[in-house]
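Below you'll find the structure, written out as structure tokens, and then a few comments.
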Number of protein chains: 2
Amino acid sequence: MAREAGVSPSTVSRALNGTGYTAPQVRERVRAAAARIGYIPDANARSLRNRSSRSVGVLISDLRNPFYADLAAGIEQVLRAAGYHMILVNDDGSAEEELLAVQTFAAMRVSGVIITPVSSRSVKSLREHGINVVQADRRAGTRHGDAVLGDNEQGAELVTEHLLALGHRRIALLIDETKWTTGAGRLAGYRAAHEAAGVPLDEKLIAFTTSFEAEAARGATAELLDAHPDVTALFAANNVIAQGAFQEIQRRRIAVPRKLSLAAYDDVPWMSMVRPGITTVTQHTVSFGKRCAEVLLSRLDGAAEQEPTIIHVQPELVVRASTAAPR
Amino acid sequence: MAREAGVSPSTVSRALNGTGYTAPQVRERVRAAAARIGYIPDANARSLRNRSSRSVGVLISDLRNPFYADLAAGIEQVLRAAGYHMILVNDDGSAEEELLAVQTFAAMRVSGVIITPVSSRSVKSLREHGINVVQADRRAGTRHGDAVLGDNEQGAELVTEHLLALGHRRIALLIDETKWTTGAGRLAGYRAAHEAAGVPLDEKLIAFTTSFEAEAARGATAELLDAHPDVTALFAANNVIAQGAFQEIQRRRIAVPRKLSLAAYDDVPWMSMVRPGITTVTQHTVSFGKRCAEVLLSRLDGAAEQEPTIIHVQPELVVRASTAAPR
DNA sequence: CTAGGTTGTGGCAACGATTCCACATGGCAA
DNA sequence: TTGCCATGTGGAATCGTTGCCACAACCTAG
């Protein structure tokens with residue numbers, strides 16, 4: 001390239017990047033030569049020299065789950081606009097895969113990582129490598145560092161309050177885990193709403209699913225309905241569980257909301273397509289993703305040693321037709 | 001790192017990569033030192049030296065569309081297992097964004113790109129930069145090079161045959177574009193099935209939507225139903241159009257399939273959640289994505305100058321409850 | 001006329017890993 | 001003893017870019 005333009009490599013660099021002195025006609029000559037031979041500066045050489053790349057690692061659990069897909073879509077949109085690109089890795093909820101991805105990101109000298117963490121080891125490991133981390137949606141172990149989180153407790157409280165206000169007294173909670181801050185928060189909100197309303201809570205109405213699959217949630221719903229026929233409302237703690245619950249309810253031809261109310265957490269497309277539409281809590285997932293990317297970018301821009309940014313995304317109750325007063 | 005292990009950089013490289021001679025105890029010493037200081041080889045330096053990276057660019061139109069999300073999920077799964085990682089870029093169906101992404105990929109010296117192409121320029125540009133390209137789902141302009149495609153003509157024929165066999169004679173086609181091979185193929189299949197059945201086709205029943213949004217499809221559906229009340233079946237040429245059509249049908253409280261049959265292309269979750277379930281053509285999208293990655297990987301492995309691989313994924317009709325004989 | 005500043009360019013080292021080549025050591029056969 | 005091969009290690013060049021430094025040309029003020 002330097003040969004093609006008849007100048008030194010230094011001058012090429014200055015001309016193309018606009019740093020330092022360059023005579024206008026030389027700059028033009030270099031530009032013309034670059035266009036002529038289709039020259040594109042090598043990003044690897046640049047990263048090597050600068051000790052940082054324009055890449056950001058994004059580590060999520062399951063791209064097929066619309067929640068994560070929307071999150072990634074929001075992240076990518078903001079990163080792309082800022083001239084970064086996204087290395088996307090699915091960890092399938094596995095801590096081992098997550099650690100492997102961390103290795104990869106470290107090797108690539110990414111300028112940051114946005115992660116829906118599975119284990120705290122990965123987050124710790126990233127920090128040890130001096131990589132900026134933004135935890136998205138939930139936090140694993142560590143209480144510090146940048147994070148963009150939903151207010152799970154408040155969201156679950158909104159749903160539960162809504163059901164209690166309709167007159168429900170036997171409200172079951174279907175949930176997959178409570179180790180993560182998401183599950184723990186939603187459970188806490190469910191409890192808090194009962195407490196606030198002075199309604200006693202039957203612990204047996206908290207049903208745990210055995211895996212992250214919708215099919216497991218369907219099974220759990222079946223067991224719950226068999227064991228407690230007096231339940232009048234079901235609160236599914238995420239979109240996958242809601243799917244399983246909905247399928248089981250459909251299979252049994254239970255009239256919703258006449259015989260049973262159903263509410264969910266996270267708004268995904270099928271919830272507004274089915275009849276009755278599902279009452280749920282939306283977290284505006286695409287904007288959620290955008291916020292994550294913005295927090296990371298401002299960390300990259302600004303002085304590294306700022307206070308950690310913790311953003312709480314406001315959950316919002318979307319009332320549809322799947323919830324009504326019990327008979 | 002070389003200092004830490006007390007050996008030369010050359011030896012570190014040989015020990016860690018297992019290339020050339022290395023004494024077992026030295027190899028062990030190097031490994032131990034690497035583990036002790038958390039050493040991870042710099043991928044940029046490696047890529048610079050090797051003139052190739054372990055990255056693959058993936059360029060899709062819209063991550064929020066479950067078709068693309070599933071495709072990307074399949075691709076990522078196979079790439080990750082093979083030690084590659086995925087740079088994911090959304091082009092929002094814009095040729096400009098697509099070209100920008102091509103620049104990025106070229107700069108990164110990715111070992112290949114998997115693309116659902118918008119314009120043929122991008123594909124040509126990638127080839128000119130000596131980058132391996134696999135076209136996924138559709139082809140833009142160029143007829144050669146590796147590709148993994150659905151058999152759109154056959155898929156559309158399956159749907160149309162199914163409707164014709166049920167006795168429908170006024171079958172409308174809702175479609176967004178016919179410039180891409182997907183749209184063109186589906187239109188051709190719709191025509192071919194009519195031809196084969198000897199049923200005359202009313203060209204006015206082919207309705208074009210004005211954008212890629214579901215809302216546009218809803219509008220197009222409304223106009224179509226107003227203009228041609230004698231239509232007994234609707235064939236939506238993709239999942240987004242199907243969503244718009246379904247919403248309009250729901251809004252009008254048209255009884256499906258009693259008064260109107262509805263069929264779609266591509267199977268996405270809501271289609272099996274709603275009642276009646278939507279009859280559609282599945283392309284097994286996740287496997288579709290896996291195939292794309294496999295084709296690329298074998299191109300990277302094998303001699304570069306092999307014949308182009310063209311894979312046609314077999315479409316499959318999924319009959320659900322949204323289609324029935326007309327009254 | 002000279003000193004010092006401004007503008008513009010090239011040379012060189014460095015980033016970190018790889019790979020060829022040179023070279024050292026030791027064993028073994030002639 | 002000499003020569004050769006196998007084994008193992010280090011040195012140096014290289015990949016492409018950047019940024020510091022030196023230096024050259026020219027201008028301007030004293």
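The values are calculated or read from the model by the stated rules, or taken from the named source; none is laboratory data. Predicted, not measured: the structure shown is a model, and the values here were computed from it. Don't worry about glycine lacking a Cβ; one is built from the backbone with ideal geometry, like all the others, and counts go over all protein chains shown. For the accessible areas, the whole protein counts, side chains as well, though only heavy atoms, and no ligand, DNA or RNA atoms are used. Shrake-Rupley method; radii C 1.70, N 1.55, O 1.52, S 1.80 Å.
A simple spin-label model places the labels of A:E215 and A:E203 3.2 nm from each other, with each point 7 Å out along Cα-to-Cβ. Shown for A:S8: label points 7 Å from Cα along the beta-carbon vector, and their distances to the equivalent points in the other copies, 3.1 nm in ascending order. Calculation over all alpha carbon pairs of the protein assembly as shown in 10 angstrom steps from 0 returns a P(r) of 3, 14, 22, 23, 20, 11, 5, 2, 0 percent. Working note: Karplus 6.51/-1.76/1.60 with θ = phi - 60° gives the range B:166-183 the couplings 6, x, 5, 10, 10, 10, 8, 10, 9, 9, 9, 8, 10, 7, 7, 5, 5, x Hz, where Gly and Pro are set to x. For chain A, a simple Cβ point-charge model (Lys and Arg +1, Asp and Glu -1, everything else neutral) yields a dipole of about 1060 debye relative to the Cα centre. When restricted to Cα atoms, chain A yields an Rg and a Dmax of 25.0, 86 Å, respectively.
The Kirkwood radius of the range B:2-41, taken over pairs of alpha-carbon atoms, gives through the Stokes-Einstein law at 10 °C and 1.306 mPa s a diffusion coefficient of 163 µm² s⁻¹. Rounded to the nearest 20 debye, the dipole magnitude of the range B:1-151 is 980 debye, with +1 charges on Lys and Arg beta carbons, -1 on Asp and Glu beta carbons, and the Cα centre as origin. Using a 7 Å projection from Cα along Cα-to-Cβ, the label point at A:T19 is separated from the same position in the remaining copies by 3.0 nm, smallest value first. As a calculated quantity, the FRET efficiency between B:T142 and A:R51 at R0 = 41 Å, using C-beta atoms, amounts to about 0.55.
Placing unit charges on each Cβ (+1 for Lys and Arg, -1 for Asp and Glu) gives the range A:143-242 a dipole about its Cα centre, and among A:A147, A:T178, A:P229 the Cα reaching farthest toward its positive end belongs to A:P229.
Pairs B:K179/B:K290; B:K179/B:K259; A:K124/A:K179; A:K204/A:K259; A:K179/A:K290: which are spaced more than 24 Å apart, C-alpha to C-alpha? In this structure, B:K179/B:K290; B:K179/B:K259; A:K179/A:K290 exceed 24 Å between Cα atoms.
3J(HN,Hα) couplings calculated from phi for the range B:75-84 with the Karplus curve 6.51 cos²θ - 1.76 cosθ + 1.60 (θ = phi - 60°) are, in sequence order, 4, 4, 4, 5, 4, 4, 4, 8, x, 9 Hz; Gly and Pro show x. Tell me the angle of helix B:285-301 to the major Cα principal axis of chain B, expressed in degrees between 0 and 90 and rounded to the nearest ten. So the helix axis and the longest Cα principal axis differ by about 40 degrees. What the protein assembly as shown shows is 43 Å² of accessible area per residue, with the surface traced by a 1.4 Å probe over protein heavy atoms. A Cβ-based charge dipole, computed about the Cα centre of the range A:152-282 with Lys and Arg at +1 and Asp and Glu at -1, lands at about 520 debye.
Exposure check, 1.4 Å probe, all protein chains in place: B:R143 carries approximately 150 Å² of accessible surface.
If we count GluC sites (Glu not before Pro) as exposed when they sit in a DSSP loop and have at most 16 other beta carbons within 10 Å, what is the longest stretch of chain A that avoids them all? Write out the running numbers ahead of the final one.
On the way: sites that count: A:E177, A:E213, A:E305.
Free of exposed loop sites, the longest segment is A:1-176.
If each DSSP helix of 4+ residues adds -39,500 (n - 2.57) and the sum is divided by the residues in the protein assembly as shown, what number results at 222 nm, nearest 500 deg cm²/dmol?
-14500 deg cm²/dmol
Between the amide H of A:V134 and those of A:V113, A:I114, A:I115, distances stay under 5 Å, these residues lying 5 or more places away or on another chain, with hydrogens modeled in the peptide plane. Under a 5 Å amide H cut-off, with hydrogens placed 1.01 Å from N, A:I206 pairs with A:L173 among residues at least 5 apart or on other chains. Here the Karplus curve 6.51 cos²θ - 1.76 cosθ + 1.60, taken at θ = phi - 60°, turns the phi angles of the range A:187-195 into couplings of 5, 4, x, 4, 5, 4, 5, 4, 4 Hz, with x standing for Gly and Pro. What separates the B:A197 label point from its copies, with the point 7 Å along Cα to Cβ, is 5.2 nm, written shortest first. Note on B:R27/B:D301: beta-carbon distance plugged into 1/(1 + (r/R0)^6) with R0 of 41 Å gives a FRET efficiency of 0.90.
If you take every DSSP beta bridge fully contained in the protein assembly as shown, what fraction is antiparallel? Give it as a percent rounded to 5.
Of the beta bridges lying entirely in the protein assembly as shown, close to 10 percent run antiparallel.
Distances between placed amide hydrogens fall under 5 Å for A:G150 paired with A:D137, A:V313, all partners being 5 or more residues away or on another chain.
Using R₀ = 60 Å, calculate the FRET efficiency as 1/(1 + (r/R₀)^6) where r is the Cβ-Cβ separation of A:S10 and B:S287; round to 0.05. Efficiency, from the Cβ-Cβ distance: 0.75. Residues within the reach of a label modelled at A:A95 (point 7 angstrom out along Cα to beta-carbon, backbone nitrogen below 20 Å), restricted to the range A:135-162, are A:135-144.
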